[in-house]
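Chemist: One structure follows; several queries about it will come next.
The values are calculated or read from the model by the stated rules, or taken from the named source; none is laboratory data. If you're wondering where the values come from, they're calculated on a predicted model, not measured in any experiment. Cβ atoms come from the backbone with ideal geometry, glycine included; neighbour counts cover every protein chain shown. Surface areas here come from the heavy atoms of the whole protein model, side chains and all, with no ligands, DNA or RNA. Shrake-Rupley method; radii C 1.70, N 1.55, O 1.52, S 1.80 Å.
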Amino acid sequence: MTVAVKDIHVRYNVASSDAAAKMRRPERIGRRMIGRFPSVLVRAVAGVSLVARAGESIGLVGLNGSGKSTLLRIIAGLERPMRGSVFASSTPVLLGVNAALLPELSGAQNVHLGCLAMGMSPDEAREALPTIVELADIGGAIHLPMKTYSSGMAARLRFAIAMAMQPHILLIDEALSTGDAAFKDRSKARMDAMRKEAGTVFLVSHAAQTIEEECSRAIWLHKGRLVIDGTAEDVARRYRLYAWKLAKGQPEAAADLLAEAFGEGFDTTVHLIEPPGTGAPPRHANGAGSTTPELLKATFNQRR
Ligand SMILES: Nc1ncnc2c1ncn2[C@@H]1O[C@H](COP(=O)(O)OP(=O)(O)OP(=O)(O)O)[C@@H](O)[C@H]1O
């Protein structure tokens with residue numbers, strides 16, 4: 001097993017102009033004076049548990065705002081959950097559309113920075129450059145500022161930088177969606193090779209077809225809850241039909257499909273077994289965000 005996610009909850013308090021508008025004027029003014037603006041509670045992830053195994057490619061689908069990106073950030077250890085734990089067998093690498101590259105710098109300079117940010121030494125970063133440039137395959141553009149890149153060129157470079165770390169757990173947040181057909185083939189081949197070497201890929205996509213083509217398993221999230229965890233084919237088929245009903249203006253039919261999927265899903269319970277003699281907390285235990293990426297043993301049950 002490569003990743004165990006145990007009962008994750010994430011909530012955000014978000015300032016709301018609507019909540020402000022519904023308040024009486026004196027209260028609104030009072031709150032503004034003390035800098036406490038009216039807010040609403042958003043449940044981004046509500047009690048998600050899952051276990052990922054070596055060799056799996058797991059798609060995450062769901063409507064906008066269903067919690068897919070938040071869950072990936074939690075698995076990557078970039079954010080702390082309010083409750084719950086994540087355990088990983090090695091450091092997950094998150095490849096997102098917003099990966100922090102600097103638009104004024106050239107592609108090559110960004111490769112260097114990206115490698116350093118992922119923990120390579122300056123020498124290792126210099127050594128990695130030719131391999132990254134070859135995988136990105138963007139020709140002479142590697143010496144031009146990144147602000148001049150098309151979204152597909154930037155996606156190629158980000159993917160190549162992430163793969164340079166030879167991750168065993170790769171988290172991809174829509175970052176490949178802008179690539180052309182050749183890039184999609186190349187990136188799929190690299191991800192397949194990675195999975196064969198006992199790696200795991202998580203892939204967020206709005207396109208059910210991408211999930212079917214690229215993943216062996218899929219998870220549907222809705223308002224932060226896990227609706228169903230199953231084969232990519234089954235989950236993509238159900239989600240596609242649901243989204244189609246919504247798009248056709250048939251919310252009742254869509255709600256029935258959602259309820260049916262909730263009803264047929266499995267409940268995953270993760271039990272964590274502390275290895276003897278290790279007092280140190282694992283990587284994301286209880287959201288502690290410590291930096292040792294060791295795995296605690298986890299067992300899991302799935303109940304209807
Ligand atoms: N940093 C944040 N601060 C406040 N609210 C947030 C933050 N990040 C996410 N949210 C809220 O959490 C919920 C889940 O967002 P998230 O980005 O995880 O969804 P998503 O499924 O990835 O959406 P999309 O498909 O649109 O990318 C949304 O309601 C969003 O508004």
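Chemist: What Kirkwood hydrodynamic radius do you get for the range 1-148 when you take the inverse of the mean 1/r over all pairs of distinct Cα atoms, in Å?
Modeler: 19.1
Chemist: While we're looking at this one, here's another question. Applying a 10 Å radius around every beta-carbon, put 135-142, 189-196 in order of their mean neighbour count, most first.
Modeler: Averaged packing, sorted descending, gives the order 135-142, 189-196.
Chemist: Looking at the range 42-131, which GluC sites (Glu not before Pro) are DSSP coil and have at most 13 other C-beta atoms within 10 Å of their C-beta?
Modeler: E104
Chemist: Post the alpha-carbon centroid distance, the range 70-127 to the range 227-254, in whole angstrom.
Modeler: Result: 32 Å between the Cα centres.
Chemist: For the charge dipole of the range 1-93, defined by +1 on Lys and Arg C-beta atoms and -1 on Asp and Glu C-beta atoms about the Cα centroid, which residue among V51, G65, G30 has the Cα displaced farthest towards the positive pole?
Modeler: Checked the options; the winner is G30.
Chemist: At 1.4 Å probe radius, can you tell me the per residue accessible area of the range 192-255 in Å²?
Modeler: 48
Chemist: Hey, got the dipole for the range 74-231? About the Cα centre, +1 on K and R Cβ, -1 on D and E Cβ, debye to the nearest 20?
Modeler: 440
Chemist: If you take the Cα Rg of the range 106-226 and divide it by 2.2 N^0.38 Å, with N the number of residues, what do you get?
Modeler: Relative to the rule-of-thumb radius for its length, the range 106-226 sits at 1.11.
Chemist: What value does the range 212-251 have for Rg/Rh, both radii from Cα atoms and Rh as Kirkwood defines it?
Modeler: When Rh is taken as the Kirkwood radius, the ratio is 1.01.
Chemist: Put +1 on the Cβ of each Lys and Arg and -1 on the Cβ of each Asp and Glu in the range 181-260; which of T231, S216, F183 then has its Cα farthest toward the positive end of the dipole?
Modeler: Of the listed residues, the answer is F183.
Chemist: While we're looking at this one, here's another question. Using C-alpha positions alone, give me the convex hull volume of the range 116-170 per residue in cubic angstrom. Write down the numbers at each step before the final one.
Modeler: Values: hull volume 4.9 nm³, N = 55.
Value for the range 116-170: 90 Å³ per residue.
Chemist: Under 20 Å from the Cα of K68, which aspartates and glutamates turn up, not counting those fewer than eight places away in the same chain?
Modeler: Partners found: D7, E56, E79, D173, E174, E212, E213, E214, D229, E233, D234, D267.
Chemist: Please work out the FRET efficiency for the pair A259 and R28, using the Cβ-Cβ distance as r and a Förster radius of 45 Å; give the result to the nearest 0.05.
Modeler: 0.70
Chemist: With every protein chain left in place and a probe of 1.4 Å, what is the accessible surface of Y12, to the nearest 10 Å²?
Modeler: The accessible area of Y12 comes to roughly 70 Å².
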